[in-house]
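Asker: Could you have a look at this structure, given as structure tokens, before my questions?
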Amino acid sequence: MTPVTPSTPPATWKVVVADDHPVVRIGVRNILAPLTEFQIVGECSDGEVALRLVRTHTPDLLILDLAMPKMSGIEVLRALRITAPNIKTLVLAATVDRKQTLEIIQLGARGILLKDVVAERLGAACRAIVGGRYWLGDQTVTDIVRAMADPGGMHLPNPNGVNLTARQLQIVKAVVEGRSNKDIAEKLSISEETVKRHLTIIFDKTGMSSRLELAMYAVKHGIGT
């Protein structure tokens, strides 16, 4: 995909929609239609076809139903970890508990959206995910990262020698709360660019490479929380 520069229009994000309910696919199509940065390049009603569409179209975003015939959403996510590890996936679910949420995120999905709020939140969720953030719906980021940062989970380095300024600690705390750069900027009365610069320094100091990793690291070691 051509990089975005200040002189070019916003990028178009290619989207594949996989859901076995036609009414849901129609709804997703209608919601995304006015959002010109998104282009639906494929739709399907089962997990096997979803994988084929991902191979064919190499979409930026896959909107994936959790419960589908032939291959469930979980099975699709497992396959994508091998065949398309860089794709960003938003999982749609009628209901989802904390255990399922953890599994979905650990398998590489970037977000979960309950179907009863698709009409109100789909656009925001898609924009958040293609923008590199996570979307966890009504479950707080803090709850999720606390569970994922359990000692039995992934290894996180020890914070010994990591010296963060008071401002950087404020930003880490806001990341754990699931706040966006815009939210953090407004809360701390600084610019978004300043937030981004602080995050770059924080990532460098901690050795983390994403907001979720940083949140897990902070929760496990009690940094800024």
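The values are calculated or read from the model by the stated rules, or taken from the named source; none is laboratory data. Keep in mind it's a predicted model, so treat the numbers as computed, not measured. We place every Cβ from the backbone using ideal geometry, glycine too, and count neighbours over all the protein chains shown.
Asker: Search region 34-48 for residues being farther than 14 Å from ASP65 by Cα and among the hydrophobic types (A, V, I, L, M, F, W, C), and hand back the single one that is farthest from the chain's Cα centre (by Cα).
Answerer: VAL41
To keep it simple, each residue is scored yes or no on (1) under 24 Å from PHE38 (Cβ atoms); (2) of a type in the set (Lys, Arg).
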position	(1), (2)
PRO69	no, no
GLY73	yes, no
VAL76	yes, no
ALA84	yes, no
LEU90	yes, no
ALA94	yes, no
ARG110	yes, yes
LEU113	yes, no
GLU120	yes, no
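Asker: Would you tally the residues in region 37-55 being charged (D, E, K, R) and part of a helix (DSSP H, G or I)?
Answerer: 3
Asker: Go through region 41-83 and count every residue that is in contact (Cβ under 8 Å) with a residue 60 or more places away in the chain and of a type outside the set (A, V, I, L, M, F, W, C).
Answerer: Looking only at that region, the number is 1.
Asker: Return a yes/no flag: does region 192-211 have any residue that is farther than 12 Å from ARG133 by Cβ, buried (at least 21 other Cβ atoms within 10 Å of the Cβ) and touching a Gly at 6+ places or on another chain (Cβ under 6 Å).
Answerer: no
Asker: Would you check if VAL117 is at pLDDT below 90, of a type in the set (A, V, I, L, M) and surrounded by fewer than 16 Cβ atoms within 10 Å (Cβ to Cβ)?
Answerer: Judged against the criteria, VAL117 is a match.
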